[in-house]
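See below for the structure under consideration.
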Amino acid sequence: MYEFPLLTLVIWLPIIGGIVVLASGDRATDISKWIALGFAILTFAISLGLWTGFDAGIGQMQFVERAPWIPTFNVEYYLGVDGISMPLIILTTFITIFVIIAGWEVITYKPSHYMAAFLIMEGVMVGVFSALDAILFYVFWEAMLIPMFIIIGVWGGPNRVYATIKFFLYTFFGSVFMLVALIYMYFQADSFSILDFHDLELGMTAQILIFVAFLLAFAVKVPMFPVHTWLPDAHVEAPTGGSVILAAIMLKIGGYGFLRFSMPITPDASASLAWLIIALSLIAVVYIGFVALVQQDMKKLIAYSSIAHMGFVTLGFFIVFTIIRNPEVAGGAVMGIEGGMVQMISHGFISGALFLCVGVLYDRVHSREIADYGGVINTMPWFGAFVVFFAMANAGLPGTSGFVGEFMVILATFRADFWWAFLAATTLILAAAFTLWMVKRVIFGEVKNAKVAGLQDLDRRETLNLGVLAAAVLVLGIWPAPLMEVMHASVENLVAHVGECKLPASEAADCVLAVPASVAGLTGQP
Amino acid sequence: MENVYLTIVLAPLLGAIIAGFFGGRIGRRGAHSVTIAGVGLSTALSLLVLARFIWGDLPVYNEAVYTWMVSDGIRFEVGFLVDRLTALMMATVTFVSLMVHLYTIGYMADDEHNWPHGALTGKNSYQRFFSYISLFTFSMLMLVMSNNFMQLFFGWEAVGLVSYLLIGFWSTRETAIFANMKAFLVNRVGDFGFILGIAAVGMYFNSMDYAEVFAAAPAHAETQVALFGGVSLMTLICILLFIGAMGKSAQVPLHVWLPDSMEGPTPISALIHAATMVTAGVFMVARMSPLFEMSETALSFILIIGATTALFMGLIGLVQNDIKRVVAYSTLSQLGYMVTALGASAYAAGMFHLMTHAFFKALLFLAAGSVIIAMHHKQDIREMGGLRRYMPITWITALIGSLALIGFPAFSGFFSKDAIIEAVGHSTLYGSGYASLLLTIGVFVTALYSFRMYFLVFHGTPRMDEHTRHHLHETPWVVTVPLVLLAIPSVVLGWLVIEPLLVTNWFATGDWNPIVVAHDHDTLHTLREHWHGQWAFVLHGMTMPPFFLAMGGLALAAVVWWFTFAKNPKIDDQLQAMGGPVTKVLQAKYGFDDFNQKVFAGGSRMLGRALWLGGDRAIIDDGVVNGSAHRVAALAQRARHLQTGYLYHYAIAMIVGLVGLLTFFVVL
């Protein structure tokens, strides 16, 4: 199994699929759609091999593929996954299927191009999650922007140009600094391998600069306050499928970046700046919670809700530094990171499903305004049931996946600081308030107007889409253990890694993290 | 036994799934048959478990069913703890639920009339209702049978979800969908405290398991937490957990959702908002008694909150005219009694009252529902009167329920309420004097509002319109049989169980004692030491102030709303006018609703708009993002003028620059 280039296949199969779909053209529309669906399902099926073949007992990279790419600069085609990236890859291949299905009858303008863009996007995103070479990562990272840019720019709403430019500039702005940081580290490590970066010894100034460069790149993607305003605009203009991919997967790349780059490469800078990330995360939970409450556009509301939920992810990651530095607290670091991870996966299902729900209404009424609806459940009872279910999951109801991550992060945050946990727990009230108020106005009540009165309930395609996602939300909520098990070893590995001081011997006195035994011997530190 | 317990929990869930997803296919008959079969099986097995605890030697069961997840060494499991405390709750919950299932057949029979014409939601509403109440039974059983905090929270929120679905069951009614959102959000305020309490337990005990936490608790008796200038860990945990209980069990100031929850169909008011779900907080605190016993501060807090709820919510009941709302305020008040008992460490008495209340309050609600059916869904007691002649079974059972509620000697409520008042009287904690006084006055108020309603509904001359009066008749047997079956325990239950529950500590099985009471908190000791059987207890009770207060309230109600009302039907309005400002305050429900609506709901919306338009739009977008774009553009506009393309412009610029540089160097 290890010999077989499974990751390469999962990356390139959908990209090739995308090209085939493009070539098939739009003359016989259904053929291109079926080809696209076939490739999406096949890719998902193959990616399951990553799950079944994964050895949960080890925290190291698995399914490693390594070949020289640009030997002059030591750039390699270097792939591999651990328990952190593997679930995210499967999430990607899983969600793509629903995006393809969701666009089936709705996209009438060049559907083959639309499907192709999503397939290519899928391959590129898997590439981001599996690249272990910094340049390869960067190429995938930037390449991801292109299909998304096209998806919003071509199939988007009336104000799509503003949204695409904002989206592109924001994310591009962030990533340029990351490139500088990567190149700097290349000169230090004489390698572009991310794992070599993990072992670099870096002075505090260098660490801070690198951390800030990464922060700019990842914070925009997550997105964190105050660089979040591109997301509501992008969502509003994006077609349903674009919103789903954006919310379900692209945001996770920011969270993944913190785990793969910022925390292990610059643990000392992370530790000294953790307060900033924690503060921004809590602002995301509380401030954005209030902002979400007053949104009048359903997509904007869900977009803001995404920002608040992603605040839990970054919160869970960065409280680790407070916990490991406090000798009185036993444990909690692993729970924080695992909680953040589960939150990412769960948010992929829930936000994806909620955007699909908005899409269902938009396809029928062509409005996203809450005020244009009311009493939808009278004409669409099954749809109403799904919306209430996903809304409850969004509000973190136990038994749904939305609860697991929130619960773990609150439990872990309590170990770091009571008041942080206090602020984080306000999401119980805020998330319920903004979600259920929307449900009340859109779903319940008397039929508000003739358009609502004429609505048709879900067709089979839509029922299938929402039904599978609902099942995923439920399964993960009732039995998260299998997901946790594949993550344990890698997360423990990571926590051990970020708990060690990376400063050179000359600055060892500034170490707030544990000094590794090897270094301690050299410098005479206890 | 694992299979038995699993069956008890899963049978109602299965029924709910079948009725919910295939309701259209199996029809009404199929839906109520399958859910009643599920809940019936649960009830039978629960009673069997209880019987084996009473007459057999069933051991305590405490096992995990499966591991939900493991993280950082903490095992999060789904499992059951079934001891005698649980068995009692299981029997109460499933029995009341079964009665409500039966009753619903009659109550919801013509539910299609409650929906606007053509609404698809009205199509299978009957089946959906059965699905929800079975789902509720499942959730409530998960809550009471849990052996750990995580699953407790699951059940806690799951019952909240079903309550949300059922309050808003008639989803086209604006009042209903306002009430259900309000209920969920207010409960979430409580859960906010609850989850922080669970997080505190997780941090200091590294476990979610009750037995492990209770065993380790004494070691943390002296642990201090550096919060609010130093507070004991146990006080922090207990108060946080109790905030959860305040939401679920509707204690002041988180009580505001319960009266509004009456927008839901009456069967669920009986099942969820009277007998079972709202008592979850009481059960939780009793279950956590090993923790609560370690914090006198928390107990005092509970005493004060509970007693305040008991009296002041009862007072509102005096000015209500909606039959369901009178019963709802009575429920709030009775929940206050139970909670006060917990604060006095009389957990057993609190559980005892929970149980008796479950039966007589479910009975009162179902009787009210029976009246509502007969009255064609009119609920104003001022338009009733004389119903005893038309509905004899409803009348007698409602009378029994009311007598049990006011604590008429030998009725079930008499025993439990007297036990609570006596226990609170023996408490020496801060606030116990206040609590004792309020509870005693509350007895009078209870009798007054209960019998005001009773006389206005069942006695005097009929005041409804001719059409309604013409159609008045007793409700069908599916409605009256549950009334009778609930009336029986409302009379005899107190007599039967007071001795085991309060005197001989039946709860303890071997060395497992779920209800732990510290020696100097033992407020029930006098009752135990002077126990000479039920007769003696009744006779002793009849010499005490609560008895005279209850009889006084009953007599006053009879004088005013029976005798005087017959001659002067305006007496009720006149009395309320006489109350003046007091009546106004009571009718405004002390202003809680207005305050919440203005400050919390309105304030949040205002804050949200301010942050959105001021923060996101004005500062971030227009200020920084588009601002910098504009500034770049403006700068480029200006810079453009420099590149005119005329050679002499460049030449002049060069010369000026050269001169400038030279000057710079020379001066230096």
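The values are calculated or read from the model by the stated rules, or taken from the named source; none is laboratory data. The structure presented is a predicted model; accordingly, all values stated were derived computationally and were not measured. Positions of Cβ are generated from backbone atoms using ideal geometry, with glycine treated the same way; all protein chains shown enter the neighbour counts. Heads up: the accessible areas ignore ligands, DNA and RNA and are worked out on the full protein's heavy atoms, side chains in. Shrake-Rupley method; radii C 1.70, N 1.55, O 1.52, S 1.80 Å.
Values as computed for the structure displayed
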| item | result |
| --- | --- |
| Residues in the stretch A:386-409 that, when all protein chains are in place, have 10 Å² or more less accessible area than the chain alone would give (probe 1.4 Å) | A:388, A:392, A:395, A:397, A:398, A:399, A:403, A:404, A:407, A:408 |
| Residues of the stretch A:282-300 buried by at least 20 Å² on assembly (accessible area, 1.4 Å probe, chain alone as reference) | A:287, A:290, A:291, A:293, A:294, A:295, A:296, A:300 |
| Unpaired by the 4.7 Å Cβ criterion, cysteines found in chain A | A:357 |
| Gyration tensor (alpha-carbon) shape descriptor, the stretch B:465-563, a/c threshold 1.5 | oblate |
| Cα-only radius of gyration and Dmax that characterise the stretch B:70-212, units Å | 18.3, 57 |
| Contact surface B-A: accessible area buried, both sides summed, square angstrom, 1.4 angstrom probe | 5600 Å² |
| Rg ratio (alpha-carbon, reference 2.2 N^0.38 Å) - the stretch A:1-48 | 1.28 |
| Heavy atoms of residue A:105 accessible to a 1.4 Å probe, total area in Å² rounded to 10 | 110 Å² |
| About the Cα centre, charge dipole magnitude for chain B (Lys/Arg +1, Asp/Glu -1 at Cβ), debye | 1960 debye |
| Rounded accessible area of residue B:376 (nearest 10 Å², 1.4 Å probe) | 100 Å² |
| Solvent-accessible area, 1.4 Å probe, carbon plus sulfur percent, for the protein assembly as shown | 68 percent |
| Directionally averaged shadow of the stretch B:539-663, computed from the convex hull of its alpha-carbon atoms, nm² | 21.7 nm² |
| Folded to 0 to 90 degrees: helix A:29-52 orientation relative to chain A principal axis, Cα | 40 degrees |
| Cβ-derived FRET efficiency at R0 22 Å, residue B:66 paired with residue B:21, nearest 0.05 | 0.35 |
| For chain A: span of alpha carbons on each principal axis (Å, largest first) | 80, 52, 41 |
| Sequence-separation-based contact order of the stretch B:77-182, relative, with Cα cut under 8 Å and 6+ spacing, percent | 29 percent |
| Reciprocal of mean inverse Cα separation for the stretch B:505-589 (Kirkwood radius, Å) | 17.7 Å |
| The stretch A:194-350: relative contact order as a whole-number percent, Cα under 8 Å and 6+ apart | 26 percent |
| 5 angstrom amide H check on residue A:69, placed H, neighbours 5+ away | A:75, A:76, A:77 |
| Alpha-carbon centroids, the stretch A:436-477 and the stretch A:226-257: separation in whole Å | 22 Å |
| Mean ellipticity per residue at 222 nm, deg cm²/dmol - from DSSP H runs of n ≥ 4 across chain B, formula -39500 (n - 2.57) | -21500 deg cm²/dmol |
| Protein-protein interface of the stretch B:154-191, residues with accessible area decrease of at least 40 Å², isolated chain reference, 1.4 Å probe | B:154, B:161, B:164, B:171, B:172, B:177, B:181, B:184, B:185, B:188 |
| Positive-end residue of A:95, A:24, A:50, charge dipole of the stretch A:1-156 with Cβ unit charges | A:24 |
| Three-way shape label, the stretch A:48-99, alpha-carbon gyration tensor, a/c 1.5 | oblate |
| Surface accessible to a 1.4 Å probe, per residue, for the residues of the protein assembly as shown, Å² | 35 Å² |
| Dimensionless Rg/Rh of the protein assembly as shown - Kirkwood Rh, Rg from C-alpha atoms | 1.02 |
| Residue-averaged [θ]222 nm for chain A, counting only DSSP H segments that reach four residues, each worth -39500 (n - 2.57) | -23000 deg cm²/dmol |
| Spherically averaged projected area of the stretch B:365-407 from its Cα convex hull (nm²) | 3.0 nm² |
| Percentage relative contact order, the stretch A:57-172, counting C-alpha pairs under 8 Å, at least six apart | 23 percent |
